[in-house]
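Right, one structure below, let's go through it.
Every number in this text was worked out from the coordinates using simple rules, so none of it is lab data. A quick note: this is a predicted structure, and the numbers were derived from the prediction, not measured. Don't worry about glycine lacking a Cβ; one is built from the backbone with ideal geometry, like all the others, and counts go over all protein chains shown.
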Amino acid sequence: MIHDLAFVGFLGMFFALAFRRPFLFILSYVYIDIVSPQRLTYLLLNSVPISLIAVALAVGSWALIDDKKDSRVAPRQFVIVLLLAWCAMTTMRADFPVEALDKWDWVWKCLAFAAFLPLTAGIDAMRQVLFPRTVGQGLMPVWMENTPMKRVARDDEIASAILFLASDASSAMTGSLVVVDCGYTIW
């Protein structure tokens, strides 16, 4: 029971701080989705949809509190929405659609949040808290100095990887990560 109260207290503190800095709702959703603290508890959190609560708070705080001056829709968001539609079509046409829907639940959540997340990426407060040394110069020079290819991936390079994964050429791939980041993650 103490274990459960500790998790509830931690999430409550995180949510309380997020009302002062709305981008923390986004970080709390990512934490909940990756760590899944509701699976580590015995009583309190495993019956509460905390992932859904975190998403509702993240979207709601962005809609109500954020001034949206830096929000912009990127072409890749349309690609994500198209991929989400393709996933919906293939899941509903699967041999066992109910089981497929249950199995791919995490993909749906990730794609939907990935379409929403770029709208919040321009929040100055997030940059000031997470990357204080880069506020004046932007994140790109810092990222590029730590990337072996000294550049970021172009849209056509990312689109090529997506087309490959969506094509029959990748039909034998299972459990593989295809990273298109100009070598950033190998360091």
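What to note about this one:
- Of all residues in segment 146-187 being surrounded by 11 or more Cβ atoms within 10 Å (Cβ to Cβ) and among the acidic types (Asp, Glu), the one that is farthest from residue 87 (Cα to Cα): 181
- Filtered by the rule that a residue be of a type in the set (Gly, Ala, Ser) and either under 20 Å from residue 52 (Cβ atoms) or touching a strand residue (DSSP E or B) at 6+ places or on another chain (Cβ under 8 Å) (or both), segment 76-106 gives a lone residue, 88.
- Scope segment 16-56; condition in contact (Cβ under 8 Å) with a residue 40 or more places away in the chain and either of a type in the set (S, T, N, Q) or under 18 Å from residue 114 (Cβ atoms) (or both); matching residues: 23, 26, 29, 33, 51, 55
- If the condition is being farther than 16 Å from residue 120 by Cβ and either polar (S, T, N, Q) or crowded, with 16+ Cβ neighbours inside 10 Å (or both), then segment 9-24 contributes 11, 14, 15.
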